[in-house]
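Below you'll find the structure, written out as structure tokens, and then a few comments.
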Amino acid sequence: MADFSKIASFYDRMTGFDHRLKNDYDVIKGLVERFHVKKALDAGCGTGMHTIILAKLGIDVTGFDISPEMLDKAQENAEREKVEPELYRAEFEYLPEEWRGAYDTLFCLANSMAGAETKLRLVQALQSFRRILKPKGTAIIQLLNIPWFRESGRRIIRVSTDGPYIFIRFLDFVDFLTRFNVMILERDGDNFTSYIVSEPILAIDAELLTNSATEAGFSGVELFSDLHLSRGFESDCDNIVAVLTV
């Protein structure tokens, strides 16, 4: 499983945590209302932004991540935002047995699913997701449409700045391998120091996601181009959003 623990201390600055917390609130609220969410699991929660939003919306929410460093930041953020979600360290494929059938909705957003790295691990993760969902439960998965980035020759995902820092998120394509990279540049006067974190990811396309979800036992798969679920999936869009039904 791809692990970006090394950038945990920078992650909120890179992604604009406070801005996203406000910007994503209505999006998550819309999903909560649409799917009548009561108890949710936030898979690959990172520093806790979506977990915190769900908690603010009154949802009984648990967030988990593979990275202890990310979870430490999530705990700090939750305390600052005055919410108390449950936070656990866990891997997608090996969720606790006591979670079986406990949640009506699972969220796996911000391309976290691509960290599965291989098709086998993708299917195993989806099987694990299905196990923790109640009958008629729903998994909502958001991915970057990496095959479209490759096809269109795009490597830069996003460039952002915060104070003396410049963050560049970009992709490397080598044969069938895809790597997700983060370059951190820190300015000191006219000089820069740099730091790069690179992890292999799985370039999941709509067909692979659909087939893997079916193999994992989900009975329904709907694909969209955005988290508002306002547009059906198109192959030349930046995102794949899947709504999987038990």
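The values are calculated or read from the model by the stated rules, or taken from the named source; none is laboratory data. Note that the structure is predicted; figures quoted are calculated from it, not measured. Here the Cβ is made from the backbone with ideal geometry for all residues, glycine too, and neighbour counts use every protein chain on show.
In the range 136-153, is there at least one residue being crowded, with 16+ Cβ neighbours inside 10 Å, farther than 23 Å from residue 223 by Cα and either small (Gly, Ala, Ser) or at pLDDT 95 or above (or both)?
no
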Are any of the residues in the range 116-134 closer than 27 Å to residue 237 by Cα and small (Gly, Ala, Ser)? yes
Give the residue that is farthest from residue 6 (Cα to Cα), with candidates limited to residues of the range 34-67 that are part of a loop (DSSP other than H, G, I, E, B) and in contact (Cβ under 8 Å) with a residue 40 or more places away in the chain. 36
List the strands (runs of 3 or more DSSP E) inside the range 161-246, counting only whole elements, that have at least 3 residues being without any contact (Cβ under 8 Å) to a residue 40 or more places away in the chain and hydrophobic (A, V, I, L, M, F, W, C). 165-174, 177-188, 220-224
Would you check if there is a residue in the range 95-118 being among the aromatic types (Phe, Trp, Tyr), assigned to a strand (DSSP E or B) and within 21 Å of the chain's Cα centre (by Cα)? yes
Applying the selection to the range 3-31, what residues are surrounded by fewer than 19 Cβ atoms within 10 Å (Cβ to Cβ) and in contact with a Leu (Cβ under 9 Å, 6 or more places away or on another chain)? 24, 25, 27, 29, 30
Could you tell me which numbered condition residue 132 fails, if it satisfies all but one of (1) of a type in the set (A, V, I, L, M); (2) at pLDDT 95 or above; (3) outside the structural domain of residue 54 (by TED's automatic domain parsing)? (3)
